[in-house]
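What follows is a short report on a single structure.
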Amino acid sequence: MATKNESGLVKPKVLVVDDEKIIRSLIVDVLSEGGFDVFATSDGELALAQFEKTPFEIVITDLKMLGLNGIEVIKRIKKINQLATIIVITAYPSIETVKEALLEGAYDYLSKPFDLDELRIVISRALKEHLLIKEKEKYKELAILDGLTGLYNRRYLDEVLTREIDRSQRYNRSFIILLIDIDDFKKYNDDNSHLAGDEILRRIGQLLYNSIRKVDFAFRYGGDEFVVILPEVKKDEAMEVTNRIIKSISGAQFSYIDVLPKKKMTLSIGLAVYPDDAKDNNGLLLKADQAMYLAKAKGKGRVCFFDKSIEEN
């Protein structure tokens, strides 16, 4: 039977897995006071068995534990329920360790020792994300997905950017955004009809999605423009993803491309780095846009990082 609070509302359920008793007890106390129904254990196998029986909204797991480690817990939970919202906690928050957890499907992470207010904030956001995912499933993902391409839409871009900026500020990390424009799309659309243009947008959206990592986000920004957010990357890693995107487009077959000046489908891509280039949503998008237009000016079908010299010219 679901546990309810004093207002008669069902308490959100949280599963906590940590082999440090002090940390485990601290999380249980804070969340219980916050109105959550908490099940805590030091044993990964027991946690998985409990997860199979109980619809937990959030799972919190340590990464370094005796027996089953946190990465394996994430993998097995995701096999049980791909939509599970997982937060990892670690005393060793290296980029490699955190990246592995995020790639396996973790929503966020906390570094030990963590501030209690930070814990409350991360849990609150994770719960909102979980509820959004459930709502998305319930309504066929109409709220945050672009109807034509199936990628995330412009509205959701603002939310994800805000979240990534907040996370990067907390842990002194960087991330990179790509602004992608289909070269000469207007000519293709005008010469071949809007139906053909829509098919191009769908195809490129699919190729884009298949070229990025699990932890990345792809959006249709509007018209023939797309945005990709690459969390926890350096410039060389961002170029690896960008090159995969370009390779997938160059290797694909498109109809009616003889009308294009280069007789092939190409993309102009601009990249901006947080926090080096800008520190807010609009600033990042503006810098990426300026870099993309530089790619256009250099002959299209190119990739350019934002550089301060762009604004000086």
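Descriptive notes on the structure:
- Just checking the listed ones, Gly251, Gly301, Gly70: in the Gaussian network model of the chain with Cα springs under 10 Å, the one fluctuating most is Gly251.
- The Lys112 and Lys214 beta-carbon pair, evaluated with R₀ = 25 Å, returns a calculated FRET efficiency of approximately 0.50.
- Given R0 = 35 Å, the distance between the Cβ atoms of Asn282 and Asp198 translates into a calculated FRET efficiency of 0.75.
- Above-threshold pairs, the threshold being 22 Å between Cα atoms, out of Lys53/Lys112; Lys21/Lys79; Lys235/Lys298; Lys134/Lys279: Lys53/Lys112; Lys21/Lys79; Lys134/Lys279
- Comparing mean-square fluctuations of Pro12, Pro261, Pro231 from a GNM of the chain with C-alpha springs under 10 Å, the top value falls on Pro261.
- Choice from Leu102, Leu131, Leu230 showing the highest fluctuation, given a GNM over the chain with Cα pairs closer than 10 Å: Leu131
- Radius of gyration, Dmax [the stretch 149-232; alpha carbons; angstrom]: 14.6, 49
- Dipole of the chain, positive end: most advanced residue of Ser250, Ala295, Ile180 [Cβ charges, Cα centre]: Ser250
- Equivalent ellipsoid of the chain: semi-axes from √(5λ) of the C-alpha gyration tensor, largest first, are 41, 21, 17 Å.
- Enclosing the Cα atoms of the stretch 77-157 in their convex hull gives a volume equal to 119 cubic angstrom per residue.
- Antiparallel %, DSSP beta bridges [both residues in the chain], to 5: 50
- Paramagnetic reach from Ala297 (point 7 Å along Cα→Cβ, amide N under 11 Å) across the stretch 162-197: none
- Taken about its Cα centre, the stretch 154-312 carries a charge dipole of roughly 380 debye when the Cβ of each Lys and Arg holds +1 and the Cβ of each Asp and Glu holds -1.
- Whole-Hz couplings from phi, Karplus 6.51/-1.76/1.60, listed for the stretch 112-124; x for Gly and Pro: 7, x, 10, 6, 5, 5, 4, 4, 4, 5, 5, 5, 4
- Phi-derived couplings, Karplus 6.51 cos²θ - 1.76 cosθ + 1.60 at θ = phi - 60°, listed residue by residue for the stretch 295-306: 4, 4, 5, 7, x, 6, x, 10, 10, 9, 7, 5 Hz, with x used for Gly and Pro.
Values in this text are rule-based calculations from the coordinates and carry no lab data. For clarity, every value in this text was computed on a predicted model and none was experimentally measured. So basically every Cβ, Gly included, is an ideal-geometry build from the backbone, and we count neighbours across all protein chains shown.
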